[in-house]
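Q: Have a look at this one.
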Amino acid sequence: MTNPTPTEPPIDLETHPDRYRHWKLELAPPVAWLTLDVDAGGGLLPGYELKLNSYDLGVDIELADAVERLRFEHPEVRSVVIQSARERVFCSGANIYMLGKASHAHKVNFCKFTNETRLAIEDASAHSGIKFLAAVSGACAGGGYELALACDEIHIVDDGFSTVSLPEVPLLGVLPGTGGLTRVVDKRGVRRDHADFLSTTAEGVRGARAREWRLVDGIFPSSRFRAAVSERAAALAALSDRPAGAKGIALEPIVPARNDSELHYRHVRLGLDRARRVATLTLRAPEAGPPAEPAEIPAGGGAFWPLRAFRELDRALLHLRWNESEIGTVLLRAAGAAENVLAHDAFLDAHRHQWLVRETLLLMKRVLKRLDLTAKSLFALIEPQNAFAGSLLDLVLAADRSYMLDHPTRSNTIALSPLNGGAFPLSNGLSRLESRFLVRPGRAKELLEAPGPYGAAAAEEAGLVSFAPDDLDYDDEVRMAIEERASLSPDALTGMEANLRFAGPETMETKIFGRLTAWQNWIFRRPNAVGEKGGLKVYGTPGARPEFDWRRT
């Protein structure tokens, strides 16, 4: 077994503003100020310093936590300013020495997680009424500029020094790792020739040219930069529909009971069979119905099943991603009272415009997207007394395959709810139901009008499950499918699954993840990047220059 390696200890995603080492969160409603001041000695892994406000996974874990807490705990916040505590550097991007030392899997997962965090910022802007502004003072390079690109507006000091840049190609022989190229041209509408110059010029672009090329939105002299940023933040806050008088809900820690083969949360159980390279991920339905009104949701949030269960699912998925790299197949199960899931779905659907319910639905959407982007084979197993209904049925629709036991005497059903109709879109913008029936555009609507319950044979005929073996064949068919999957190349499976999971229209998000999956699994393995004389390996070594294989492929 090679997981986890001695140089990459298990990753813990749990944090809190009281324990942040790299960010400072200040509230001045309706504006929040999120200040980056990286502790150079606070790297998550040993062997590098986080100089020049560079970041590693630990820095981004705190950023992701801050964004989520702003959404749930502080409804009075309507805009967020991201700034640096350093005078001469906003952020120099991902720490190169960390990337040079990290395993291939860590590099790829690091880029994936940081991009998911930037997408969470954009999701908060699009759907939560929280606008983000990057206040750039000093060098804003690589991943630092990618962080700024996730914001609604970028404003830069006109001091003759402050720049924005994407220097990965000229300095490191790799590409911007969290969607920078796509966001420059697709989101900000930068001309291709200007983007080409930006991406091959290590020094970056400053001042009037940066604004003219749409790389930033505003430039202000040092003497009035803070005031100008405050004015813009206030103007953005005025556009929000967030309820200024509402009280936030505390996000409780998500800490499982664990042993060597199991992580057990309140509603989620993750069983690990490392010898077979298989995990079983089971969600439990709520034991009771929902509250009568949103005002009755407990202030701690832990007793509100959709919020707590999907936060636990998120932690379990991230644990699999970071700490169980040799697990190749995840078996998805749901247990308990399906009627309670449907009751919670009805509550969420009825109150979807209330701010806390809206945030809960948006979190569920992001967690399901995390499932879609999990580089594991996903098989849903649907057996008697399952709870695959409504929002939990989206797990079945997200799976690469699903097996539903057709038992002659034991009831085994699934059902849809209105939430399957678009509350949880994939990265392509479609619901999983719509993506399933691309060649039959009206089929999703037909199924939502006849939500079930569906027995095994009816579910297979409706196209909601892949296979419905009878009780004589079910165990053997599932066993053989799992064993066959475990025998296949993990590289080929990762590429195949990434291609098949996002059929349909392309969006900025699918472009980012599709291209990242391709280039990271190629360039990050190439000698030009990670060989002994590769760009990532020799960066910062006095007198050393990278040596490239000049053949284009």
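The values are calculated or read from the model by the stated rules, or taken from the named source; none is laboratory data. Everything numeric in this text was worked out from a predicted model, so none of it was measured. FYI the Cβ positions are ideal-geometry reconstructions off the backbone, even for glycines, and counts take in every protein chain you see. SASA here: full protein model, heavy atoms, side chains in, ligands and nucleic acids out. Shrake-Rupley method; radii C 1.70, N 1.55, O 1.52, S 1.80 Å.
Q: How big is the gap, in Å, between the Cα center of region 215-240 and the Cα center of region 81-124?
A: Using only Cα atoms to place each centre, the spacing works out to 24 Å.
Q: What is the local net charge at A544, summed over the other residues whose Cβ is closer than 11 Å to its Cβ (Lys, Arg +1; Asp, Glu -1)?
A: After counting each charged neighbour, the total is +1.
Q: Right, another one. Before anything else, pin down the relative contact order of the chain: Cα pairs under 8 Å, at least 6 apart, normalised by residue count, whole percent.
A: Relative contact order here is 12 percent.
Q: Sticking with this one: Identify, among I61, L27, L147, the residue whose Cα sits farthest towards the positive end of the charge dipole of the chain, taking +1 on the Cβ of Lys and Arg and -1 on the Cβ of Asp and Glu, with the dipole about the Cα centre.
A: L147
Q: Cα to Cα, under 16 Å, and not fewer than 8 places away if on the same chain: which lysines meet these conditions relative to K369?
A: By straight Cα distance, K369 reaches K112, K511.
Q: Next up: Let me spell out the model: positive unit charges on the Cβ of Lys and Arg, negative unit charges on the Cβ of Asp and Glu, origin at the Cα centre of region 400-553. What dipole size does that give, in debye rounded to 20? Walk me through the numbers on the way to the answer.
A: Working: 19 positive and 22 negative charges, 265 e Å.
Here region 400-553 has a charge dipole of around 1280 debye.
Q: I'd like the FRET efficiency for E14 and A303, computed as 1/(1 + (r/R0)^6) with the beta carbon distance as r and R0 of 30 Å, rounded to 0.05.
A: Between E14 and A303 the formula returns 0.95.
Q: Moving on. Working with all protein chains in place, sort M404, M496, M480, M508 by solvent-accessible area computed with a 1.4 Å probe, largest first. It would help to have the intermediate numbers written out before the result.
A: Working: M404 0, M496 80, M480 105, M508 50 Å².
Solvent-accessible surface, decreasing: M480, M496, M508, M404.
Q: What are the equivalent ellipsoid semi-axes of the chain, built from the alpha-carbon gyration tensor (square roots of five times its eigenvalues), in whole angstrom, biggest first?
A: After scaling each eigenvalue by five and taking roots: 40, 28, 21 Å.
Q: Which whole-number value in Å² is the accessible area per residue of region 1-153, probe 1.4 Å? It would help to have the intermediate numbers written out before the result.
A: Details: 4990 Å² over 153 residues.
Averaged over the residues of region 1-153, the accessible area is 33 Å².
Q: Using the Kirkwood radius over C-alpha pairs as Rh, can you work out the diffusion coefficient of region 441-553 via Stokes-Einstein at 4 °C, viscosity 1.567 mPa s, in µm² per second?
A: The calculation lands on 68 µm²/s.
Q: A further question follows. Taking the Cβ of H22 as the center, what net charge do the other residues with Cβ under 14 Å away carry, scoring Lys and Arg +1 and Asp and Glu -1?
A: -3
Q: Still on this structure: Give the accessible area for H264 in Å² (nearest 10); use a 1.4 Å probe, count only protein heavy atoms, and leave out ligands, DNA and RNA.
A: Accessible area of H264: about 90 Å².
Q: Just name one of L416, V330, G289: the one whose Cα is farthest towards the positive end of the charge dipole of the chain (beta-carbon charges, Lys/Arg +1, Asp/Glu -1).
A: V330
Q: Set the Förster radius R0 to 51 Å, insert the Cβ-Cβ distance between E446 and K247 as r into 1/(1 + (r/R0)^6), and round the FRET efficiency to 0.05. Working shown, then result.
A: Values: r = 42 Å, r/R0 = 0.82.
Working from the Cβ atoms, E equals 0.75.
Q: How much net charge surrounds R410 when only other residues with a Cβ under 11 Å from its Cβ are counted (Lys, Arg +1; Asp, Glu -1)?
A: Values: positive: none; negative: E383, D406, D471.
In short, -3.
Q: Using the Cα centre of region 74-116 as the reference point, and only Cβ charges (+1 on K/R, -1 on D/E), how large is the resulting charge dipole? Debye, rounded to the nearest 20.
A: Computed charge dipole of region 74-116: roughly 180 debye.
Q: Report, in debye and to the nearest 20, how large the dipole of the chain comes out about its Cα centre when Lys and Arg carry +1 and Asp and Glu carry -1 on their Cβ.
A: Dipole magnitude for the chain comes out near 1660 debye.
Q: Along Cα→Cβ, 7 Å out, is where each label goes; now give me the distance between the ones at W550 and Q385 in nm to one decimal.
A: Computed distance between label sites W550 and Q385 equals 7.0 nm.
Q: I need the trypsin sites (Lys or Arg not before Pro) found in region 37-126, filtered to DSSP loop residues with at most 16 other beta carbons within 10 Å of theirs.
A: Taking region 37-126 and a limit of 16 other Cβ atoms within 10 Å, the loop trypsin sites (Lys or Arg not before Pro) found are R88.
Q: Nearest-5 percent of antiparallel DSSP beta bridges in the chain?
A: So the antiparallel bridges amount to about 35 percent of the total.
Q: What are the DSSP H helices in the chain that stretch 24 Å or more along their long axis, judged by alpha-carbon atoms, and whose average Kyte-Doolittle hydropathy comes to at least -1.0? If you can, show how the numbers build up before the last one.
A: On the way: long enough: 104-123 (28 Å, -0.67); 305-323 (26 Å, -0.51); 355-372 (26 Å, 0.18).
Passing helices, by number: 104-123, 305-323, 355-372.
Q: Continuing with this model, one more query. Round to the nearest 0.05 the FRET efficiency obtained for M480 and K187 when R0 = 41 Å and r is the Cβ-Cβ distance.
A: 0.35
Q: Now for a separate question. If you roll a 1.4 angstrom probe over the protein chains with everything in place, what fraction of the accessible area of region 202-250 belongs to carbon and sulfur, to the nearest %?
A: Values: 1380 of 2750 Å².
Ligands and nucleic acids excluded, carbon and sulfur give 50 percent.
Q: Over region 318-390, with the other protein chains present, what is the accessible area per residue in square angstrom, probe 1.4 angstrom?
A: That works out to 26 Å² per residue.
Q: For region 436-502, with all protein chains present and a 1.4 Å probe, just round the carbon and sulfur fraction of the accessible area to a whole percent.
A: 55
Q: Once neighbouring chains are kept in place and the probe is 1.4 Å, which whole percent of the accessible area of region 1-118 is contributed by carbon and sulfur?
A: Looking at region 1-118 in its full context, I get 52 percent from C and S.
Q: Measuring from centroid to centroid over Cα atoms, what is the spacing of region 438-458 and region 338-414 in Å?
A: If we compute the Cα centre of each part, the gap is 15 Å.
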